[in-house]
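What follows is one structure encoded as structure tokens, with my remarks underneath.
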Amino acid sequence: MIIGEFFRGLFLMIWRVATDQPEAKADLLAVFPPSARPVISAVLTVSPIIGIFATLFALTTLLERKGLGRIQNRLGPNRVGPFGILQPVADGLKMLTKEDIIPRSADALVHFLAPVVLAVPTILAFAVLPYGRNLVPVDMDAGILFFFAVGASTELAIFMAGWSSRNKYSLLGAMRAIAQMISYEIPLIISSVSVIMIAGSLSPVEIIAQQGRYLAGGFVPHWFVLTPWGLAGFIMFLIASLAESNRSPFDIPEAESELIAGHLTEYSGFKYALFFMAEYFGMFAVSGLAVTLFLGGWHAPFEFLEIVPSYVWFFAKLMGLVCLFIWVRGTVPRLRVDQLLNFAWKFMLPLSLLNLVVAAVWHFTAAWEFPGAGLGRWLLGAVMIGVPYVWLGRALSGSKKITQRTYRFAD
Amino acid sequence: MVDSQQLREYVPVLILAAVAIAFAFGTLALSVVVGKWANRSRRTGHSTRVKDIAYECGMIPVGDGSSRLSVKFYLVAMLFILFDIEVVFLYPWAVVYKSMLVDHANLIFGSMLTFLGILFVGYIYALKKRAFEWKS
């Protein structure tokens, strides 16, 4: 009897999630005694997060290797299973069976704890993202703040890994990683502050609700990326999130040609896999936040497409950003440390602060009521961010003329 | 007095943290079990002197692993703290910006411009002091 109720509730939950209905868990929870309900509810919420993103991680590693292969004019993995689609399974099994080596000089406890300390906050960051109309794991008022707080604690784990290995390359890689992550954290947070300012809330749910309108008969979504400050903020957010997730062209912490593998050098077996997974999870989380802040979250691009379940749009946008990250990795060469930090402090920081002013002006001028005010606001915002962009770029690149390089002896 | 309703919001977060910790330790434990089982016919797991030294491109490591590092890293950390605190001040301002724009538009707009202006002067000072130059 109770087993029948349980399966009925489970089926109803899956059906309601799939069809975008609220209160998906209600019938299943009614089976359990009231005192156990909060815990059961939380477990039901959080276990799909890990399951879905672990699957997405496996698929993305394959997509990345295939995509990079195509970019570099080769085939990519194609031996395991049809078209190589079982490659992630083979990789996982290989990682599971590898020997775990801890160097004799290493601080064994810290060395062991570092991958765990890294994995936990990256998973926690998924708690506040709204995946669909009624799919928010934790609807927190200060969700954005929570996201950045747990996101920042990954730096600790990277330093733990680098320091405890007692390897010169590991330590140097970890120091570089921290310098890079804290430098790019400021543009990342400031470009998100402009959205918070316009939405007037730190809650991701509220921010998405603000982007839920459509203009021009349902064909132009009211996403923040379609405003001057939103576009500039989105691009800065993307660049900073590339740096935060230590991905190429910002992969100097683990630049394999100069630092072996940075803080990952002394890790093998499944500890290495946890680092690798946390890196991808971080990329998913920060892409998910970019979708939430600038790309309208789970809203459809056109009004008539809102009948498609909302989570489809969220994950489509998320995978779009991930594909962009892979494309950038295959295209752009790695920066040097000085170039990287100069770019953060001299270019991104002033521009992101300025973008804040542009967003303030954008909202301040919302009261304008003369004909053509909308176009005027647009032009004002675009000029306010565009002119400093060009000027700062020219000033920083100096008088160096970039021309085609001539090779005298390589003809 | 802390509102208990507000704290109850964080119960799923705590459970998620517990699940995440269990996941991390669980997979590490699983890797030990699976690794032992898959390699049961081989002689593995024994450590040798050479295998257990730190891997520095195959060279025997010279000196201590934790060597001295450039002071520039500390400078970056200090700059980060300064600007991060400023961002913390921006958060409450950003949240109330929209609602205060209705009645106190000039106040909220002007106060933010003043704050960012003072900050910008500090930024110019750091720039002129060559704090952002990586090459010394």
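The values are calculated or read from the model by the stated rules, or taken from the named source; none is laboratory data. Treat the numbers as computed from the prediction; the structure is a model and nothing was measured. When we count neighbours, we look across all protein chains shown, and the Cβ atoms used for this are built from the backbone with ideal geometry, even at glycine.
Points to keep in mind about this one:
- Scan of the stretch B:20-70 for residues that are among the aromatic types (Phe, Trp, Tyr) and facing chain A (nearest Cβ under 7 Å), ordered by number: B:Phe23, B:Phe25, B:Tyr55
- Filter pass, B:Phe73 being outside any helix (DSSP H, G or I), surrounded by 12 or more Cβ atoms within 10 Å (Cβ to Cβ) and either facing another protein chain (nearest Cβ under 7 Å) or among the β-branched types (Val, Ile, Thr) (or both): no
- Subset of the stretch A:104-119 that is surrounded by fewer than 23 Cβ atoms within 10 Å (Cβ to Cβ) and in a helix (DSSP H, G or I) - its residue that is nearest to the other protein chains (Cβ to nearest Cβ): A:Val116
- A:Ile178 without any contact (Cβ under 8 Å) to a residue 60 or more places away in the chain, closer than 15 Å to A:Glu244 by Cβ and among the aliphatic types (A, V, I, L, M): yes
- Qualifying residue in the stretch A:363-380 (condition: more than 10 Å from chain B (Cβ to nearest Cβ), in contact (Cβ under 8 Å) with a residue 60 or more places away in the chain and under 17 Å from A:Met236 (Cα atoms)): no
- Selection within the stretch A:181-203: residues that are more than 7 Å from chain B (Cβ to nearest Cβ) and among the small types (Gly, Ala, Ser). The member of this set that is farthest from the chain's Cα centre (by Cα) is A:Ala199.
- Failed item in (1) modelled with pLDDT under 85; (2) in the same structural domain as A:Gly269 (by TED's automatic domain parsing), with A:Ala125 passing the rest: (1)
- Considering (1) of a type in the set (S, T, N, Q); (2) under 25 Å from A:Asp107 (Cβ atoms); (3) exposed (fewer than 15 other Cβ atoms within 10 Å of the Cβ); (4) at pLDDT 75 or above, the lone condition that B:Ser31 does not fulfil carries the number (3).
- Within the stretch A:310-336, the set of residues being surrounded by 17 or more Cβ atoms within 10 Å (Cβ to Cβ) and more than 21 Å from the chain's Cα centre (by Cα) is empty.
- The set of residues from the stretch A:245-288 being surrounded by fewer than 24 Cβ atoms within 10 Å (Cβ to Cβ), under 20 Å from B:Lys51 (Cβ atoms) and of a type in the set (S, T, N, Q) comprises just one member, A:Ser268.
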